[in-house]
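Student: Quick one: the structure is below, and I'll ask about it shortly.
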């Protein structure tokens, strides 16, 4: 998340929140806000990183509009879920490949039929 110019309070020209590298555990991520490590909420069974990132992005956009409603800004939102679909929500991850294949194709996968 990065405003296009410095904020009214003299903030740096960019702000970031997320993880380093291309993948992280989406339920217990190693997070950073700018250069400071941030602990994710522990003990919340519904926590998933994509929701956390989206909520923070929404809050940041609202703040930009509140501070300078006519001033343009730029946000680069890059969640890792598209690159790591195995980190979807618990409901998604709990389904087995076999159940999903049957739901989509109406029959067992060929590897299961050959057995």
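The values are calculated or read from the model by the stated rules, or taken from the named source; none is laboratory data. Keep in mind that what you see is a predicted model, and the values were worked out from it rather than measured. Cβ coordinates were reconstructed from backbone atoms using ideal geometry, including for glycine residues, and neighbour counts include every protein chain displayed.
Student: I'm checking my understanding of the structure. Among residues of the stretch 9-22 that are under 14 Å from the mean Cα position of the chain (by Cα), modelled with pLDDT of 75 or more and part of a loop (DSSP other than H, G, I, E, B), which one is surrounded by the most Cβ atoms within 10 Å (Cβ to Cβ)? Can you show your working first?
Tutor: Our first condition is that a residue be under 14 Å from the mean Cα position of the chain (by Cα); within the stretch 9-22, this holds for 16-22.
With modelled with pLDDT of 75 or more added as a condition, the list becomes 16-21.
Okay, now just the ones that are also part of a loop (DSSP other than H, G, I, E, B), so 16, 19-21.
Details: 16: 13, 19: 18, 20: 9, 21: 7.
By that ranking, first place goes to 19.
Student: Give me the pairs, please: first residue somewhere in the stretch 60-71 and within 22 Å of residue 34 (Cα to Cα), second residue anywhere and at pLDDT below 90 and not in a helix (DSSP H, G or I), beta-carbon distance under 6 Å, and either six or more positions apart or on two chains.
Tutor: 60/1; 64/73; 67/8
Student: Which ones in the stretch 29-43 are part of a loop (DSSP other than H, G, I, E, B), surrounded by 12 or more Cβ atoms within 10 Å (Cβ to Cβ) and at pLDDT 85 or above?
Tutor: We begin by selecting, within the stretch 29-43, every residue part of a loop (DSSP other than H, G, I, E, B); these are 29-30, 34-35, 39-43.
Add one more test, that the residue is surrounded by 12 or more Cβ atoms within 10 Å (Cβ to Cβ), and what stays is 29-30, 40.
The answer is 29, 30.
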